[in-house]
Each structure stands twice: as structure tokens, then as C-alpha cells.
Amino acid sequence: MTHAPRERPEITLRIFLARLIWVSLLPLLLMGAWLAWDSKRTALMKQENSAKRLASTFMTTMDAYLDARKRALNLLAATPMLDDPARWPEFYALAQSFQRFFDGHVILAEADEPMRMLLNTRAPLGAQLPMLPGADRQSTVSMAIAHGRPAVGDIGFCPVDGEPLNCIAAPVVRNGKIVFVLLSTFATSLLQEQADQFELPPDWAMYLRDGSGNVIAQRLPPEFDVGRDASPERRFVVQSTVGPWFVEMVIPDRVWLSLRAQYAIPILLGLLATTMVGVLGARLAGNRLQRAVASLVGPPPTKPAARIVEIEKVRRLLASTQGELRQSELYFQRLFEDAPAALALSNQEGVILSRNTRFDELTGYSADETSTWAEWWSRVCPEPELRTKVLADWKSTIATPDATPVEHRIRRKDGAERIVQLFSVGFNSGILCSFLDVTELRRAENELRARQEAKLEHHAEMRLALLNQMQDANAARERAETALAALRESNQRLAAFLRVSQAVSSSFERHVVMQSLVDNAAKAMNLSNGAIYLKEDETIRLAASSPALSEDFPEHFRRAPLRAHPHVARTLASGGPVFVADAATAPFTPEEAEIARSLGLRSVLYLPVLLQGHALGVMILSDVAKPRTFHAEEVTLLQGFANQVAQVMDSIRLFEDVQNHAVQLEQEIGQRKEAEEALQLLNQELEERVRQRTLELEGAIKQLEAFSYSVSHDLRAPLRGVTGLTRILLDKHAAGLSEEGRKLCAMITDNAMAMGLLIDDLLQFSRAGRKALHVSPIDMTAMVRAVIDELRLTEDAARVDFQVQDLPPAEADPGLLRQVWQNLLANAVKFSSKQERPVVQVRAERKDGQMAYHVQDNGAGFDMRHVHKIFGVFTRLHSTKDFVGTGVGLAIVQQIITRHDGQVRAQGEPDKGATFSFTLGVGRDK
């Protein structure tokens, strides 16, 4: 049972508009409230971020302040003056310099109890000094001794004048033992000065506290009490990175409350004013709109009404509606007459009032022959039974709204039968009937249906055949997936064997090779643990494990008696594998059970390590996830890994025997000349070993080059420290230094700069040996001219006469070859700079089938007796007083040319210049 929708009560346009106004303003009010809340939240977040940033900034300043003193104190602790008591006066003077620079006294004390003071800048050197106070021994000094590095302590008080002090302690370590302790004390007033100079927003507070929470320095607004005026969530703490100190930044509650008034209240007031203006404006506009709408259905308004375009359009539309209604009646009449369907309009009594031409053409009867529906139906349906059914259906369509059309067969006046769709609509004053001739349409549908049935049968046959093919394809795909999974597993195991072979061929270290064997054996079967035990008399010894065991793994499990491990003994005795399905239920001895429990083992497989039928040890593989089984082919594969262990042991033993035999032969070679033929045969056997060792040596050389790069790079940090400290000493203490001291500082700076250049050259030398070659065609003339343009920027090269011929192109690594030209041309400029008219020539010529490039100068030259030294690292044939340099440039040139399979040569004569020539090959490692 359905219910009609409840009709809503009517309301006036004024009330509707008022509701519409408030509904429209509601999102604005909500948005304004949210903006006020968000503005306040954003301002609070900015304050929090600002507080954290200021605290971090001040703490960074304090860290730098403390770190400088720690570093300086550490330098004092490292000075050799402390090792000789006779030099302690020098150290005392140095400590006084520390005290003047850092405004903090220095104390030297014994590291052992009772920690007697040996030196204190507060007292003259040699004065009687007391023991260190107990508080110092329990805090700063104890931390420095415990950690072996400088430590920052909590605030303390001077026993003399009660002044609050801070202390930094540094251990003096000699031969790995702490022999003395250096302390530096400085007044907290120095830190208070730093805090007073730090800029804070108005009314903010800041505390600098030690590790115990004691206040070292502070900045407070007037009449501020942190417990009363600041909530805990308004306090922001930043910890020091060099000691236990921390900075606490506090924002008082009144600052937070002022932010609310500053941001939220103006927005709310503006929102309220905007709302009131909007409501009043909308109310005035609504009244004018109400009067304009009322004028559509009533008399014109007495008060001014809004002339709204849409309302005026409605007024004009109502005026023209009557004329259009008359036009529509004429249009309907034409539409009725020209309709594509047969139409007839009758009254309730069945008299046909109007019909169109198609209605008469449908049956062939005129209006005079069928003036009523009864006469019309009696002629088109002459059979009484059929006419009764048709009339019943026709009346049903008239009585039912939106009834679907019904189809009937009727007979024309000429006797032909037609199929028509009948649709009738009843009106209060009559009935409208439409008849659509669908005879040809039904005939075409029957033909189409027959064709579709035949097509469906054909498609069914095709689908059946396709289904059979899909089933065959699925079966083939399943077989392929099974084969692919087996192939992947086989590839994984093959890769494990390959890694083992590579490890065996690349190293003769017993532990390395065995570690690779057990790692790859476990990885090949996705096992979690593996180990190799070797038999030594009646004991077994752990040779390798996967993963590597921790250092706290019990020693009695690394070497254990054979009788405590019967499963291992059974494997060695039988020479075959022994499998334990589940360690939780296996009959293990207490030792075996303890190992399984500590490592969480479940399934365990013991494999003998056999060499010519003799068991040398056992490989143990296990899984910790869950109990599992091993198929026969898996056991065979893993037994292959175990046999590899025996072969590796035999190969290593053979290699060691060969090495020992070679040593003996070398010792006896002078006495046993008759054994030369046997020695030559042995050398042939060792050639392959030598080749392998040569490859290992080349790898070691590459590692050495990488190490030199790392060392050169790491040397920069202390070098920058030396340069920086020297610069600070000259900038801030130049007045306190003697002329000799300033000269020594200048020498330190010059030597540091020379060391920097040496490091740069060493880095270039390392990069030249490690960089992979990327060979490409090079325009040699353009490259040389580009390098010369760069060199002309220097003072020496500006006056050089460069004579460059057209050079043939070459194939090489562009970056490395550019380095060659830079070094050769820079050398030519440097060694010819003292000539009145320096000349540098660059040319090329083909010699012995190779293109040779030459760089010739008229400079200082060199003695050809020393030509074999000229390309060595750090080798110089001239004094640094005459020509600056590090002696690495030509070594880099030779290394780059050698990597290109080329050669570099040098010719020269003292005071007559030198010529450097090089050729290029393809490159061995491009």
C-alpha cells in the first residue's frame, strides 16, 4: 500500500527569502569562525617554532663556545711538554696563554687517587696545592676518565671566593693509559654575558641549565615566576651536543593570551559586521523582489519594485501565451492531418468525429461507409469471435493509462490482411485512436530471427572449439610454468656453484673459501643456518658458519669432543648424510640440544666432507622456520657443496706445499745446479698460480689507489684545523706574538697551503687511476687552445709565446686527456717563466706508424741522466725555491697515457729547454 507524499505547508516569499539569506550566510559564519581559529593556531605554531629555533640557536652558540675550549684543552693535553717535568714551566706559560685567551684557569692533577693538584694557573708555579675537591672527582673528572675524552660538568662553586664555576676536564693519555687530568674552570658570568647579548622577543624567558637542572645563565622578564607565569607546555628544551647542558625557552602565558586577542577578535568583529551588512542588504533586496513577484498575479505595487529581467520576461510571456495557444490549436490540426500514423477521434458514444487521410487509406473504407466504431470494426473484423476479442482489448487500452499498444490482424476492403498496432487514449469528451501498419516490419523480423538462429548455432560450434583450444592452452601453460619454476631453481643453484667457484679461484685463504661455501650452500636451498666442522683427532672444530656467530657464542661449542655429538660421529663413520626431521623431538645429547635451542633449529641435515673416501669433517645445514624434508636431488646437490669443502682443503694444502717447496728450492738453487731441469718443470706448473697472484696483485693495487684517495681526502680535515687555528692566532693574538712567532705562523700557513696542493695532486693521481675510460673522438687542436686560454689567465702564461700547429684528431677519454695537456703545458709555462722571451711549441708527427704529440719549451731543461726519475710520484729535479710544485703532475700524465696503451717520453738539456712527447693506443679498460 503506497501513501501519497505529504504536502508541505505554504509559506510567503518573504519568509522563504529570509531563510535563504541565513542559509547562505551560515557557511560564511562557519568559515569566519574557522579562519579565526586557524589564525590563532597558526600564530601559536609560529611562536612554538620560533621558541624552538631560538633555543636551538642559543644552544648551538653555547656548543661552539664549549667545543672551542674542549678542543683547546685537548691540544694542551696532547703537548709533549707534560711528559717531561723539566718542561712544565713552558707548559705553565702555555696554560697562562690559554687562561688569557679563554678567560678560564687551567689545573693539572694526577689521574689516580687522591688526585693531587700539580699545577694551577691561579697560583704561582711550584706553589703548594691541595687535592681536587670531591665534587669535581665525582662529576667532570670521573666522566673524562671513564670515557677517555674531554667532558663538560655541572655547575660548581669556587672554594676560595664561592663564585659559581663551570668545569671542563680532559684526560692526558700516554701509551693507552690516563696519567694526568687537565681541568679548565671558567665563571658562569661569562655564559651570563652570552645570554644577556642574545636577542629574545619581549616578555620571553630563557634558562641555560646543567645536567642536574641547575641554572647556569638566564634571561627573565620583570617580575617573572616560571612556576606561576608559564605552563609546562609553553617550555621548549634543546639538549647540548657536547655536554649534559640544555637550554629551556619559556613563553609566558600572557604572551599566548595576547596572541588570541591579536588574531581572533579582529576577525570575529569583522565577520559580525559583514554579516549584519549582508543581512540588511539582503532584506531590502528581498522586499523589492517580493513586490515584483506579487505584481505578476495582482495589481501593480504602490511601492517601488525591482525590475528583474527574469520577472519581466515572465510578464511578457504571459501576455503572449493566449496568442500562442491559438496558434497551437491550428498546429495540432495540421499535425493530426499530416501524421504518419492513421488517427481517428471519436466521442464517448463511438461516433467518429474526425479522421486523417491515412486512416481511410489503411482499410480502404470511406467516412460514409464507417461513420461509427461499430461499423468500422464490423467491416475490418468480419468474424464475430475475433471481433469480440479485439473490441475487449481496445476497451482495455482506453481504460488503462499508458497502456502498451496491442497488435491485431484486420482485413482491408480489397480483402488483404494487415497487421496493425492499436493504441487508444480516452479523454473526458472522446477517444483518440492510432493505427500503425507493421506488416512489413513483422515480416522482416521473422526473416532476421531465422538468420540469427542459424548464426547462433554456428557461434555455439565455434565457442565449443575455442573452449577446447583454451583448455589445451591452459594445460600447456601449467606445464610451462612448472618447467620455468624448475629452471629458476636450477639457475639459483647454478649461481650458487658459480659463486663458490669464483671464491675458490680468487682466494687461497681457508676461512674465506669455507665461509663462501657454507653461505652459498644455505642460500641455494633457502636455509637459515649452516656450519662446517672439521675433525681433529677425537674433537671437532668449527671452521665456518652462516650467518657468522656472535663473539659470545660459547667456546665449548666451537671446539667440542666428538663423543658429545653422536649425529656428527655417525655421519663421519657412515660417510653418508644424516637427517633430523625435527630437533624438538629428536634424541639429541644435552650438548646437541643446547645448540639447537640457542639457535632455534628445527630440521637439521648432516653431510660428510669426503676426500677420496676419507671423512675430513661435516657440513651441517638447518632451517629455523619450520620442519622440512629434503628430496634426494637436494641432498645430492648439498653433498656436492660438502665435497667442494674437501677439494678446497686439498687444494689449499697443495698450494701451501708448493709454496714451501718453492722456498726450499730457492735456498738450494746455488748448491743444486744439476736440478735446473726439474726446477724449470716446477716453474711451469707454478705459472698458472703466478698468473692468479698477479691478478690479485692488480686488485690490491686498485685497492691501494682507492686507499690513497681516501687518505688524501681525510687529510683535509686536520689541515683545515691547522690553517684555521693559525689564522685565529694571527688575527686575535698577533700583538702578543714576537716577530719569530709571526714568522713561524706564516710558515705554518704556507706549509699548510703546500700540503693542500699536494693533497689535490694526490687526489688527481688517485682519480686518474680509478676513473673508467670513456673513449670518444677528440679535436686535439681545439682542446689544446682551450687549455692555453685557461692558462693565459695566470701571470706567468700571459707573456708566453704559444706556437700551436694543427694537430690530428685522436680517440681517448676527453677528461683524462685534457688533464694530460693541462699538466704538460703548465709545466712548460712554469719552467720557461724565467726566460726573457718564453716560447712553448705544440706539434705532432707520425713516427713508427704512430701519431706522436710534442710539447717543447725553452726553459730550464734537465739532465738526461735523471730522466728515469722524472715521471715518479713526488720526484723533483729542481728545487722548490726555484720552481714551485708537488712532483705529482708528470706521474699523473704517465698514468693516464699508460691506461690508454700509449707511451710518454722526455728529452731535455740543462738551460736549453725540454720536450715531452706521448702516443695513444685504444685503452685497456675503456
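For S622, S550, write out the residues from largest to smallest accessible area, computed with a 1.4 angstrom probe and no ligands counted.
Of S622, S550, the descending order of accessible area is S550, S622.
Give me the aspartates and glutamates in straight-line cross-link reach of K313: C-alpha distance below 17 Å, same-chain residues under 8 apart excluded.
E324
For N175 and R463, calculate 0.36 nm times their separation in residues minus their Cα-Cα distance, and state this gained length in nm to one decimal. Spell out each step's value before the answer.
Values: separation 288, 0.36 × 288 = 103.68 nm, distance 9.10 nm.
Between N175 and R463, full extension yields 94.6 nm more.
Sorted by packing (mean other beta-carbon atoms within 10 Å per residue), highest first, where do 91-100, 170-179 land? Mind showing how you got there, number by number?
Details: 91-100: 17.6, 170-179: 15.1.
Listed from highest to lowest mean packing, they are 91-100, 170-179.
Quick one: of K70/K732; K52/K732; K413/K455, which pairs are farther than 30 Å apart, Cα to Cα?
K52/K732; K413/K455
Using only protein heavy atoms and a 1.4 Å probe, report how much of E811 is accessible, in Å² to the nearest 10.
Approximately 120 Å² of E811 is accessible to the 1.4 Å probe.
Take the solvent-accessible surface of the protein heavy atoms, probe 1.4 Å, and return the percent of it on segment 203-254 that carbon and sulfur atoms account for.
Answer for segment 203-254 is 44 percent, counting heavy atoms of protein chains only.
Report, to the nearest whole %, how much of the accessible area of segment 330-470 belongs to carbon and sulfur atoms, 1.4 Å probe, protein only.
C and S atoms contribute 56 percent here.
How much of K70 can a 1.4 Å solvent probe reach, expressed as accessible area in Å² and rounded to 10?
Its accessible surface works out to 30 Å², give or take rounding.
Which order do you get for R689, R451 if you rank them by accessible area with a 1.4 Å probe, largest at the top?
Numbers: R689 70, R451 170 Å².
Ranked from most to least accessible, the order is R451, R689.
Hey, if we sort E223, E445 by accessible area with the 1.4 Å probe, largest down, what's the order?
E223, E445
Express the accessible area of segment 203-254 per residue in Å², computed with a 1.4 Å probe while the remaining protein chains stay in the model.
Values: 2340 Å² over 52 residues.
That works out to 45 Å² per residue.
Counting only residues 5 or more places away or on other chains, whose amide H sits under 5 Å from the amide H of I431 once H atoms are built in the peptide plane?
Excluding prolines and chain starts, which carry no amide H, the hits are S346, N347.
Keeping every protein chain present and rolling a 1.4 Å probe, give me the accessible area per residue for segment 331-438 in Å².
Value returned for segment 331-438: 57 Å² of accessible area per residue.
Could you give the alpha-carbon Rg of segment 550-667 over 2.2 N^0.38 Å, rounded to two decimals?
Rg over 2.2 N^0.38 Å, computed on Cα atoms: 1.29.
For segment 361-367, in order, what is each residue's ³J(HN,Hα) by Karplus, 6.51 cos²θ - 1.76 cosθ + 1.60 with θ = phi - 60°, in whole Hz (x at glycine and Pro)?
So the J values, rounded to whole Hz, are 5, 5, 10, x, 9, 8, 5.
What figure, in Å² to the nearest 10, do you get for the accessible area of H147 with a 1.4 Å probe and non-protein molecules left out?
110 Å²
Send over a whole-number figure in Å² for the accessible area per residue of segment 510-659, probe 1.4 Å.
Values: 7130 Å² over 150 residues.
About 48 Å² of surface per residue is accessible.
Enumerate the amide H contacts of V839 below 5 Å, restricted to partners 5 or more residues apart or on another chain; note that Pro and chain-start residues carry no placed amide H.
Placed amide hydrogens put D801, N858 under 5 Å from V839.
Work the Kirkwood hydrodynamic radius out for segment 203-254: mean of 1/r over every pair of different alpha-carbon atoms, inverted, in Å.
On the way: mean 1/r = 0.0883 Å⁻¹.
Kirkwood hydrodynamic radius for segment 203-254: 11.3 Å.
Take the Cβ-Cβ distance between L353 and T388 as r, set R0 to 35 Å, and report the resulting FRET efficiency rounded to the nearest 0.05.
0.90
The values are calculated or read from the model by the stated rules, or taken from the named source; none is laboratory data. Because the structure is predicted, anything quoted here is derived from the model rather than measured. We place every Cβ from the backbone using ideal geometry, glycine too, and count neighbours over all the protein chains shown. Just the protein is used for accessible areas: all its heavy atoms, side chains included, with ligands, DNA and RNA removed. Shrake-Rupley method; radii C 1.70, N 1.55, O 1.52, S 1.80 Å.
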